[in-house]
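Data block below; observations after.
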Amino acid sequence: LPHAVRGTGEVTEVLYAAAVAAGPHRFAPEGSLERWMARTHFLNSVFPEIPTVDAPRVKEALRAMCEGRVSFSEVRHDSLVDVLREQLGYELKARIDKLAPERVMLPGGRFLDIHYEIGKPPWIESYLQDFFGQTSTPKVADQRVPLVVHLWGPNKRAVQVTTDLEGFWTRHYPAIRKELQRKYPKHYWPEDPEAAAPRLRQ
């Protein structure tokens, strides 16, 4: 597009139409748009006053990014997710970050990414041994919603999926421990996982 027509409404509309055709995901880091939309949808299900970031809101932000620009490279100067966050205002985006954080810390200091998907409860996954010392299920949304915890064996396959970690330690771990001891005798499988130190890994 010629530089002389920069900033005109016509140029904005042409660039916006091309941006929509290319897809909003081209203007945000990989996966970031889906995660941000999913976080707002999850929180809206718990706190209805928190707005969801839906397709119309994404298009509105994309149009704003096209204003005064003449190429995709200029539009990409800003991240679509950053623009969406700024449009919510400081207080609301800070509340979302607090209520639906991107990561959670386990007792050993290890951070796990929290996975948010529209239509699903938020979840985390890691080796069962990383959760030693964790006496209750990590929660989000002001401690109202327990995370779905995927507990892996040493083969990185889930031996249990639960939202009740305390109940898992009491009711299911003893039997699973015996099986894991048989399959992986060199690993540490304490009798009291809630009092045990988590596995330390690089």
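The values are calculated or read from the model by the stated rules, or taken from the named source; none is laboratory data. These figures come from a predicted structure and were not determined experimentally. Methodologically, a virtual Cβ is constructed for each residue, glycine included, from the backbone with ideal geometry; neighbour enumeration extends over all protein chains shown. Quick note on the areas: whole protein, heavy atoms, side chains included, nothing else; ligands and nucleic acids left out. Shrake-Rupley method; radii C 1.70, N 1.55, O 1.52, S 1.80 Å.
Observations on the structure shown:
- Length gained on full extension, Lys178 to Arg199, computed as 0.36 nm times the residue gap minus the Cα-Cα distance: 5.7 nm.
- Percent carbon-and-sulfur accessible area, segment 8-162, ignoring ligands, DNA and RNA, probe 1.4 Å: 50 percent
- For segment 93-202, size of Cβ-based charge dipole, Lys and Arg +1, Asp and Glu -1, in debye: 300 debye
- For the chain, the longest principal axis of the alpha carbon atoms and the long axis of helix 32-46 meet at an angle near 70°.
- Degrees, to the nearest 10: 9-22 long Cα axis against longest axis of the chain: 30 degrees
- Relative contact order for the chain, counting Cα pairs under 8 Å that sit 6 or more residues apart, in percent: 17 percent
- Computed over the chain, the ratio Rg/Rh where both radii use C-alpha atoms and Rh is Kirkwood: 1.14
- For the peptides 80-91, 46-57, the ranking by mean Cβ contacts within 10 Å, running from highest to lowest, is 80-91, 46-57.
- Residue order for Met65, Met105 - accessible surface, 1.4 angstrom probe, largest first: Met105, Met65
- Per-peptide packing, taken as the mean over residues of other Cβ atoms within 10 Å, places 127-134, 97-104 in the sequence 127-134, 97-104 from highest down.
- Semi-axes of the equivalent ellipsoid for segment 146-202, Cα gyration tensor, largest first, Å: 17, 13, 13
- Put a plus charge on the Cβ of each Lys and Arg, a minus charge on the Cβ of each Asp and Glu, and nothing anywhere else: the dipole of the chain about its Cα centre is then about 820 debye.
- Helical runs assigned H by DSSP (4 residues or longer) give the chain a calculated mean residue ellipticity at 222 nm of -11000 deg cm²/dmol, each run adding -39500 (n - 2.57) before division by the residue total.
- Counted over segment 88-202, the DSSP beta bridges are approximately 65% antiparallel.
- Beta bridges per DSSP, both residues in the chain: antiparallel share near 65 percent.
- Evaluated over segment 95-195, the Cα radius of gyration and Dmax, each in Å: 13.9, 46
- Per residue, the chain exposes 56 Å² of solvent-accessible protein surface, assessed with a 1.4 angstrom probe and all protein chains in place.
- Rounded to 10°, Cα long-axis angle of helix 90-99 versus longest principal axis of the chain: 20 degrees
- Compactness of segment 18-116, taken as the C-alpha radius of gyration over 2.2 N^0.38 Å, stands at 1.18.
- These residues, His150, His77, His187, go from largest to smallest accessible area, 1.4 Å probe, as His77, His187, His150.
- Annotation for segment 130-202: trypsin sites (Lys or Arg not before Pro) lying in DSSP loop with at most 15 further Cβ atoms inside 10 Å of their Cβ are Arg144, Lys156, Arg157, Lys186, Arg201.
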